[in-house]
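Shown next, in structure tokens, is the structure this report addresses.
Taken together, the values in this text are just the output of simple stated rules run on the coordinates, not laboratory data. In this text the structure is predicted, and so the values were computed from the model without any measurement. When we count neighbours, we look across all protein chains shown, and the Cβ atoms used for this are built from the backbone with ideal geometry, even at glycine.
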Amino acid sequence: MRVLVEAQVDNLGTTPRGFYWGERRIGIVEMIDQWYGPDYRYVKAKADDSGVYILRFAEIRSEWALIMFVSARGQALATQAA
């Protein structure tokens with residue numbers, strides 16, 4: 001799902017600082033990880049709603065997409081089940 005991302009461009013590339021999921025703005029508070037695929041860069045981030053999100057950046061098209069998210073409640077349930 002495409003999302004509108006507020007990003008900062010620095011010497012490491014384009015780093016998301018927040019994004020819009022529909023009308024809702026989600027701020028990124030921590031970059032957990034990032035990795036590269038053949039045509040994309042993936043970013044795993046913790047957000048201000050305590051959820052964890054994976055965003056994909058298509059550098060050629062300069063487009064961001066939301067690939068996956070886990071809510072804070074979902075993370076708590078997964079921890080309890082382990």
(request) Round to the nearest 10 and give me the degree value, 0 to 90, for the angle of helix 72-81's Cα axis relative to the longest principal axis of the chain. (result) 50 degrees
(message) Given the options Val43, Ala72, Val9, identify the residue whose Cα lies farthest towards the positive end of the charge dipole of region 4-81 (+1 on Cβ of Lys, Arg; -1 on Cβ of Asp, Glu).
(response) Ala72
(request) Could you pull out every residue, at least 5 positions away or on a different chain, whose amide H is within less than 5 Å of the one on Gly51? Hs are placed 1.01 Å off N in the peptide plane, and Pro or chain starts have none. (result) Ala72
(request) Tell me which residues come under 5 Å, amide H to amide H, from Val3 once H is placed; ignore anything under 5 positions away on its chain. (result) Trp64, Ala65, Leu66
(message) Can you tell me, using C-alpha contacts under 8 Å and at least 6 residues apart, the relative contact order of the chain as a whole percent?
(response) 21 percent
(message) As a footprinting exposure proxy, order Phe19, Phe69 by other Cβ within 10 Å, with the fewest listed first.
(response) Phe69, Phe19
(message) Given Cβ point charges of +1 (Lys, Arg) and -1 (Asp, Glu) and nothing else, what value in debye, to the nearest 20, does the dipole of the chain about its Cα centre take?
(response) 180 debye
(request) Estimate the FRET efficiency between Ser50 and Asp10 by the formula 1/(1 + (r/R0)^6), using the beta-carbon distance for r and 25 Å for R0, to the nearest 0.05. (result) 0.45
(message) I'm a student and want to see the number: the projected area of the Cα convex hull of the chain, averaged over all directions, in nm².
(response) 5.9 nm²
